[in-house]
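Take a look at the structure below.
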Amino acid sequence: MAVKTTIFGYPKIGPNRELKKAIESYWKGEISKEEMLKKVEEVDIDRMKRVINADLDYIPSNDFSLYDFVLDVSTMVDMIPKRFRNIEDGLDRYFAMARGTKDAIACEMTKWFDTNYHYIVPEIEGAFKLVKNRPLDSYKWAKEKLGVETKPVLVGAFTYLMLSKVYERQEGSLLMKMVKAEESEKFKPLLFELASVYNQMLRELQEEGVKAVQFDEPALVLDLDEDKINALIDAYRIITEGITDIEIFVHTYYESLDHFEKITKELPVSGIGLDFVVNNENLENLKKYGFPEDKKLQAGVISGRDPWKTDYKQVLNLIEEIKKYVSEDRIILSNAAPLFHLPVSLESEKGHLNEDLLELLSFADERLEEIKTLKQIINKGKEIPSQTLQEFRDKFKNEEVQKAIEDIDNHEIKRPHDFKERYKKQIELLGLPRFPTTTIGSFPQTKEVRQMRAKFRKGEISAEEYENFIKEQIKKAIEIQEELELDVFVHGEFERTDMVEFFGQKMDGFAFTKNGWVQSYGTRCVRPPIIYGDVSRPEPMTIKEIVYAQSLTEKPVKGMLTGPVTILNWSFYRKDIPKKDIAYQIAIALRDEVLDLEKAGIKVIQIDEPAFREGLPLKKRKQEEYLNWAVKAFRLTNNTVAETTQIHTHMCYSEFNEIIEWIYAMDSDVISIEASRSKGEIIEAFEKFNYDHGIGVGVYDIHSPRVPPVEEMLEIAERTVQVIDKNLIWINPDCGLKTRGWEETIPALKNMVQVAKILREKY
Ligand code: GLN
Ligand code: ZN
């Protein structure tokens, strides 16, 4: 007897973001399609070779993608929205759906479960049809190029449809509206239709002699009702009909499986994959319900989502537990969640990252090594490598910080002053008119700004020169805001590359990789900071720039900070300490900054939380706990300020409905939100809730260079005035203006200020 192994979701970007470079050069017309495809193939071959080296029993294929693996399924089953159908070339059409053209707006893009990966939302219109058997192509390619038998991996039909939107006629209207497929009455028939296309795909694979296929079905971990579960099982009956020679695996991840017994028993497939890393619920369920004798278990025992080295002893114990319920010959060890959430390799971090920290880390390539080692330990009796992980973790301990957060859960953390009172005093003190205008923080990061930063980094200019340059930019920004007659100013964030990185670099406990890129969407990659130790603030982080900006004007300048929840959600963080403790640690560091700003005479402080919602657990029953500590962490940053200090926050996503009471509980004086894309619809959530704190309405979309006319912004603002107390309304853009140019920013803001003036006349 011996265990088998597999992995899936190995990063697609290449060790040095080769994929990005190739595709973007093609978009810019610098290289031909053939050249691009050749480069892309090299990236794929390189990654396949690394994967093959891991001595796997099931080598994955079809897990590479030019843009997005959900979009890959859309084009496979011919789900092409009408507006792209006229594009002849398949590849151009594919990129057009992702990025839009001058005639057709791009498909919506949204976050993949609770991760920072974004997928292209399928728009269901017309029938599914198998037009391109990608798994088959990929299987044949791997066989021919690399001489290996592979297991094609793709998003399962159920998950695909759960993430889709369908066109539906609005009640009492002729208008068609996109609604979530999972909420549509058509869900079941659509699922069955898609299932038969998947069946056809499998039949072709079977014909070719393919031995195994993996369907990724993370949607199975969501809160699903009986109806959905039954539809799922029926759909898999259709999918697997007549498929006798292929082992079909359904892998679930990011959370544990509810309906454990029913799904493991009744889903008509050869194997089920479970995530044993995210928490112990799958193991508990395994103990409770056992595992069907006729199925294999793809046991996700190695983390795909966080960069911490696998603790072999711990995993071996886990496998021992699992073996009590599933015989060894039916166990296939794998990563739990896909590996693309990790950077490719630690190789380029050697000599860059702190050596003690390197001892704790493992990226995708290191995961491959780990799975290989695990197999050798179990099957060949290889000695367990000695590890002193705890010892290394202890090196990053800061007892003072740990002490400071110890008791937080036992206290109510809240500003003592009543909102109405304090808001009135603030407005008076600041001398603000009705409908105050402001911006969200960043101003255009021009080529010049980026070039100077690069020069500074390379040592081509001195710190002093760089600082003077930043000062000039701030000065210019203040002058422009004076000219525009905005009411509350910002300094422009010219010294910041990224709102999380900037703070991480100034706090203890954060590390930054040299090359630790992770795909965020398409060719866009991010380099998440790694929070490896207790977090603290050795010295002030933002005071110099803000105070300088304030010295140039009579108008209030907003202090600008990134909130604790956002910093945490956009970073890798420790798994051996509770997430909320890390949030509290960051919050306390930020509180010191808030108090320093206040001491320096800053009267308005904005603490951005755009990733507040992102950390929301997938399962409803776990959301309250998260929201509780997330709100608390936010409040911790500012609960000790004076009554007259005005606290703003900013969020820029549009699904506020379910969490509005928690946003209210954050108790900020003003929250600025995105409202233009939904034409002000979002305000409804605030209206329904009777939200009675300040609201900054994002009246224009900063994602486009277009200068919105006064009437357009006025319409959104007026809509708000109808439902929200006019004394609470602020006027601002949707989000920061960092990606815009000054040429469009100035006229757009001019119009925006005009809107406020009209409102003041009218109301
Ligand atoms: N203050 C930040 C900025 O203006 C906010 C960015 C964000 O919400 N993502 O850039
Ligand atoms: Zn924003």
**Prompt:** Somewhere in the stretch 397-406, is a residue closer than 30 Å to Ala748 by Cα and either assigned to a helix (DSSP H, G or I) or in contact (Cβ under 8 Å) with a residue 40 or more places away in the chain (or both)?
**Reply:** no
**Request:** Restrict the check to the stretch 389-400 and report whether at least one residue is loosely packed, with under 12 Cβ neighbours inside 10 Å and more than 23 Å from Met507 (Cα to Cα).
**Result:** no
**Item:** Sole exception among (1) assigned to a loop (DSSP other than H, G, I, E, B); (2) among the hydrophobic types (A, V, I, L, M, F, W, C); (3) surrounded by 23 or more Cβ atoms within 10 Å (Cβ to Cβ); (4) within 27 Å of the chain's Cα centre (by Cα) for Val51, by number
**Value:** (1)
**Request:** Show the residue pairs that are 6+ apart or on different chains and have beta-carbon atoms under 7 Å apart, the first residue being within the stretch 492-515 and within 20 Å of Arg740 (Cα to Cα), the second being among the acidic types (Asp, Glu) and not in a helix (DSSP H, G or I).
**Result:** Met499/Asp608
**Message:** Go through the stretch 407-435 and report how many residues are assigned to a loop (DSSP other than H, G, I, E, B) and either surrounded by fewer than 18 Cβ atoms within 10 Å (Cβ to Cβ) or not hydrophobic (A, V, I, L, M, F, W, C) (or both).
**Reply:** 11
**Complete:** Scanning the stretch 363-402 for residues that are basic (Lys, Arg) and in contact with a strand residue (DSSP E or B) (Cβ under 9 Å, 6 or more places away or on another chain), the one farthest from Phe572 (Cα to Cα) turns out to be Lys375
**Message:** So Ala675 passes all but one of these: (1) away from ligand 2 (no atom under 16 Å from the Cβ); (2) crowded, with 21+ Cβ neighbours inside 10 Å. Which condition number does it fail?
**Reply:** (1)
**Complete:** Selection from the stretch 629-667 of residues outside any strand (DSSP E or B) and within 14 Å of ligand 1 (Cβ to nearest atom) yields Met651, Cys652, Tyr653, Ser654
**Request:** Kindly establish whether Lys622 is surrounded by fewer than 17 Cβ atoms within 10 Å (Cβ to Cβ) and not in a loop (DSSP other than H, G, I, E, B).
**Result:** yes
**Complete:** Those residues of the stretch 713-730 which are away from ligand 1 (no atom under 16 Å from the Cβ), of a type outside the set (S, T, N, Q) and not in a loop (DSSP other than H, G, I, E, B) amount to Met713, Leu714, Glu715, Ile716, Ala717, Glu718, Arg719, Val721, Val723, Lys726, Leu728, Ile729
**Message:** So, Leu590, is that one within 15 Å of ligand 1 (Cβ to nearest atom), assigned to a helix (DSSP H, G or I), within 18 Å of Asn398 (Cβ to Cβ) and in contact (Cβ under 8 Å) with a residue 12 or more places away in the chain or not?
**Reply:** yes
**Prompt:** Is the stretch 678-689 home to any residue that is at positive phi, away from ligand 2 (no atom under 16 Å from the Cβ) and surrounded by 20 or more Cβ atoms within 10 Å (Cβ to Cβ)?
**Reply:** yes
**Asked** Of the residues Ala477, Ala454, which is modelled with pLDDT under 95 and part of a helix (DSSP H, G or I)?
**Response** Ala454
**Hey, Met97 in a loop (DSSP other than H, G, I, E, B) and either at pLDDT 95 or above or more than 30 Å from Asn335 (Cβ to Cβ) (or both) or not** = no
**Leading residue by the ranking (farthest from the chain's Cα centre (by Cα)) among those in the stretch 531-558 that are touching a residue at least 60 places away in the same chain (Cβ under 8 Å) and part of a helix (DSSP H, G or I)** = Tyr548
**Complete:** Taking first residues from the stretch 670-698 that are charged (D, E, K, R) and second residues anywhere that are away from ligand 2 (no atom under 16 Å from the Cβ), the pairs with Cβ under 6 Å that are 6 or more apart or on different chains are Glu687/Val723
**Prompt:** From the residues in the stretch 148-174 that are touching a residue at least 12 places away in the same chain (Cβ under 8 Å) and of a type in the set (Gly, Ala, Ser), which one is farthest from Ile229 (Cα to Cα)?
**Reply:** Ser164
**Asked** How many of the residues in the stretch 159-208 are of a type in the set (Lys, Arg) and under 19 Å from Pro268 (Cα atoms)?
**Response** 2
**Item:** Filter result for Ile582 (modelled with pLDDT of 95 or more and within 16 Å of ligand 1 (Cβ to nearest atom))
**Value:** no
**Request:** Please go through the stretch 728-744 and pick out each residue that is under 30 Å from Tyr763 (Cα atoms) and either without any contact (Cβ under 8 Å) to a residue 60 or more places away in the chain or away from ligand 2 (no atom under 16 Å from the Cβ) (or both).
**Result:** Leu728, Ile729, Glu744
**Item:** Condition met for Val707 (within 16 Å of ligand 2 (Cβ to nearest atom) and of a type in the set (Val, Ile, Thr))
**Value:** no
**Asked** Within the stretch 271-293, can you find the residues that are assigned to a loop (DSSP other than H, G, I, E, B) and surrounded by fewer than 18 Cβ atoms within 10 Å (Cβ to Cβ)?
**Response** Asn279, Asn280, Gly290, Pro292, Glu293
**Asked** Among the numbered criteria (1) surrounded by 22 or more Cβ atoms within 10 Å (Cβ to Cβ); (2) part of a helix (DSSP H, G or I); (3) hydrophobic (A, V, I, L, M, F, W, C), which single criterion is violated by Val153?
**Response** (2)
**Message:** Being among the polar types (S, T, N, Q), within 16 Å of ligand 1 (Cβ to nearest atom) and under 30 Å from Gly100 (Cα atoms) is true for just one of Ser678, Ser672. Which residue is that?
**Reply:** Ser672
**Request:** Please state which one of Glu144, Glu185 is closer than 30 Å to Arg50 by Cβ, acidic (Asp, Glu) and not in a strand (DSSP E or B).
**Result:** Glu144
**Asked** If you check Ile607 against the conditions, is it among the aliphatic types (A, V, I, L, M) and within 16 Å of ligand 2 (Cβ to nearest atom)?
**Response** yes
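The values are calculated or read from the model by the stated rules, or taken from the named source; none is laboratory data. All values derive from a computational prediction rather than experimental measurement. Every residue, glycine as well, gets a Cβ built from its backbone with ideal geometry; the counts of neighbours run over all protein chains shown.
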